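The structure appears below as structure tokens.
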Amino acid sequence: MDQKQNVLRLPAERLYREELEALQQKDKDSRPSGWMLSPRAVLTFITGGKAGKVDITPKYIGNRRIVEIAIATLLTDRALLLIGEPGTAKSWLSENLTAAIHGDSGKTIQGTAGTSEEQIRYSWNYAMLLAHGPNDDALIKSPIYRAMECGGIARFEEISRCASEVQDALISILSEKTISIPELGKELSAAKGFSIIATANTRDRGVNDMSAALKRRFNILVLPSPSDLETEVEIVRKRVQEIAASYELKASAPEEEAVRKVVAIFRELRNGMTLDSKEKVKPPSGVISTAEAISLLTNSMALAASFGTGQVRDEDIAAGLQGAIVKDEEKDRIVWKQYLDNVMKKRGSEWRSLYNACREMND
């Protein structure tokens with residue numbers, strides 16, 4: 001079996017290899033030191049276009065200027081921080097920018113409460129350290145260390161999930177572009193092209209606030225939620241098709257009307273108001289993001305493929321809506337019931353089947 005077909009999730013540089021190769025062949029603009037593509041070609045890779053006869057699929061659907069600013073930031077000595085609500089494609093944009101610029105999006109640190117300073121700088125193979133003392137072979141290089149060595153980009157996901165003292169280990173790296181290794185009596189200086197793209201979730205604000213000193217080392221970009229229904233429908237439809245193809249789900253893609261209904265429900269619950277602005281809606285306690293809508297419809301396809309006819313039914317969508325909105329809280333169940341009775345029930349015959357399926361799941 002082709003190894004590519006036996007991998008659950010391919011990194012962006014492998015998933016879009018043909019597009020990157022086509023862009024490299026047609027790219028006539030100058031390329032910054034260490035970059036695979038020129039800034040204009042990177043923009044085309046992210047926002048979509050053509051490279052000869054090859055169609056470049058859009059990876060980020062939204063404000064083009066945001067992508068331009070992100071690329072311009074990575075041309076300078078400042079790091080990039082992407083902030084936004086859950087599901088605003090922060091990680092997806094980070095991965096694809098890194099893939100287009102350096103062809104390796106794998107130098108990644110996942111921020112958690114357990115992330116340590118050693119994971120940002122370096123650590124040691126203690127068996128080798130005890131046997132031979134400090135030496136290069138015993139050194140375990142962090143993703144940031146490896147990015148500095150080769151002039152690449154390191155990704156730092158959910159930086160605000162890390163403790164403040166761990167975050168602040170980045171200050172000297174971003175200021176001096178060096179890592180001191182006193183055990184070996186040497187210092188690593190970053191090669192040209194090195195940068196860091198970090199992401200932070202606005203829902204995590206207050207968990208571990210970034211210090212002002214660290215924020216000054218980043219150029220901060222806020223990624224907004226999709227501005228209108230049509231944009232969000234396009235994002236959801238595109239990503240559902242891509243993920244379903246990757247998982248080889250033996251089901252038809254959800255119909256346009258089904259996608260629109262899911263996106264409309266999510267936007268109304270997220271914004272606390274119906275789309276026509278005529279009625280207020282109580283939001284649930286959980287995150288009702290675009291990413292959740294994508295996951296819901298993908299799971300609906302899996303249900304339809306495994307236990308149905310291969311066509312996504314309202315019953316499949318209702319099961320996903322129940323799980324996405326009711327997050328094990330009695331309050332969420334009440335909020336969802338009120339939405340069903342006060343909003344969905346009044347929308348006429350085209351919503352009747354989905355309403356009945358949702359009510360059955362919520363009872």
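The values are calculated or read from the model by the stated rules, or taken from the named source; none is laboratory data. Everything numeric in this text was worked out from a predicted model, so none of it was measured. A quick note on method: Cβ atoms are made from the backbone with ideal geometry, for glycine too, and the neighbour counts reach across all protein chains shown.
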Task: Residues that are free of Cβ contacts under 8 Å to residues at least 12 places away in the same chain, hydroxyl-bearing (S, T, Y) and either part of a helix (DSSP H, G or I) or in contact with a Phe, Trp or Tyr (Cβ under 8 Å, 6 or more places away or on another chain) (or both), drawn from segment 275-334 - done: S306
TODO: Go through E292, E230, E234 for me and flag whichever is of a type in the set (D, E, K, R), within 17 Å of the chain's Cα centre (by Cα) and over 25 Å from I334 (Cβ atoms).
DONE: E234
Open item on the list: If a residue counts only when it is within 29 Å of A12 (Cα to Cα), which helices (runs of 4 or more DSSP H) contained entirely in segment 97-196 have at least 3 such residues?
Closed with: 143-150, 169-176
Task: Selection within segment 338-363 - among the aromatic types (F, W, Y) and over 16 Å from V326 (Cα atoms) - done: W351
- [ ] Go through (1) closer than 24 Å to S353 by Cβ; (2) of a type in the set (A, V, I, L, M, F, W, C); (3) outside any helix (DSSP H, G or I) and name the single condition V263 misses.
- [x] (3)
Task: Checklist (1) farther than 19 Å from G286 by Cβ; (2) modelled with pLDDT of 90 or more; (3) out of contact with any Lys or Arg (no Cβ under 9 Å at 6 or more places or on another chain); (4) part of a helix (DSSP H, G or I) applied to I220, failing item - done: (4)
TODO: Look at K192 and say whether it is in the same structural domain as Q110 (by TED's automatic domain parsing), of a type in the set (D, E, K, R), over 24 Å from the mean Cα position of the chain (by Cα) and at pLDDT 90 or above.
DONE: yes
Open item on the list: I'm checking my understanding of the structure. Among residues of segment 295-314 that are surrounded by fewer than 20 Cβ atoms within 10 Å (Cβ to Cβ) and hydrophobic (A, V, I, L, M, F, W, C), which one is farthest from the chain's Cα centre (by Cα)?
Closed with: F307
Task: Residue that is farthest from R31 (Cα to Cα) [pool: residues in segment 104-125 that are touching a Leu at 6+ places or on another chain (Cβ under 7 Å) and crowded, with 18+ Cβ neighbours inside 10 Å] - done: Y122
Open item on the list: Out of everything in segment 58-84 that is assigned to a loop (DSSP other than H, G, I, E, B) and over 19 Å from G193 (Cβ atoms), what residue ends up being modelled with the lowest pLDDT?
Closed with: G62
TODO: With the condition kept exactly as written, say whether any residue in segment 61-84 is among the hydroxyl-bearing types (S, T, Y), in contact with a helix residue (DSSP H, G or I) (Cβ under 9 Å, 6 or more places away or on another chain) and surrounded by fewer than 24 Cβ atoms within 10 Å (Cβ to Cβ).
DONE: no
TODO: Please name all residue pairs, on different chains or six or more residues apart, with Cβ atoms under 6 Å, provided the first residue is in segment 1-12 and is at pLDDT 75 or above and the second residue is not small (G, A, S).
DONE: A12/E95; A12/N96
TODO: Any residue in segment 106-119 that's at pLDDT below 95: show its pairings with residues that are assigned to a helix (DSSP H, G or I) at Cβ separation under 6 Å, as long as the two are six or more apart or on different chains.
DONE: G111/I159; G111/R161; T112/R161; T115/V166; E117/V166; E117/A169
Open item on the list: Of everything in segment 223-260, what is over 16 Å from T57 (Cβ atoms), in a helix (DSSP H, G or I) and among the basic types (K, R)? Give them in sequence order.
Closed with: R260
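So that you can scan it fast, the table gives a plain yes or no per residue for (1) outside the structural domain of A12 (by TED's automatic domain parsing); (2) more than 18 Å from P226 (Cα to Cα); (3) without any contact (Cβ under 8 Å) to a residue 60 or more places away in the chain:
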residue: Q24; (1), (2), (3): no, yes, yes
residue: G48; (1), (2), (3): no, no, yes
residue: G52; (1), (2), (3): no, yes, yes
residue: I61; (1), (2), (3): no, no, no
residue: I66; (1), (2), (3): no, no, no
residue: I71; (1), (2), (3): no, yes, yes
residue: L74; (1), (2), (3): no, yes, no
residue: L81; (1), (2), (3): no, yes, no
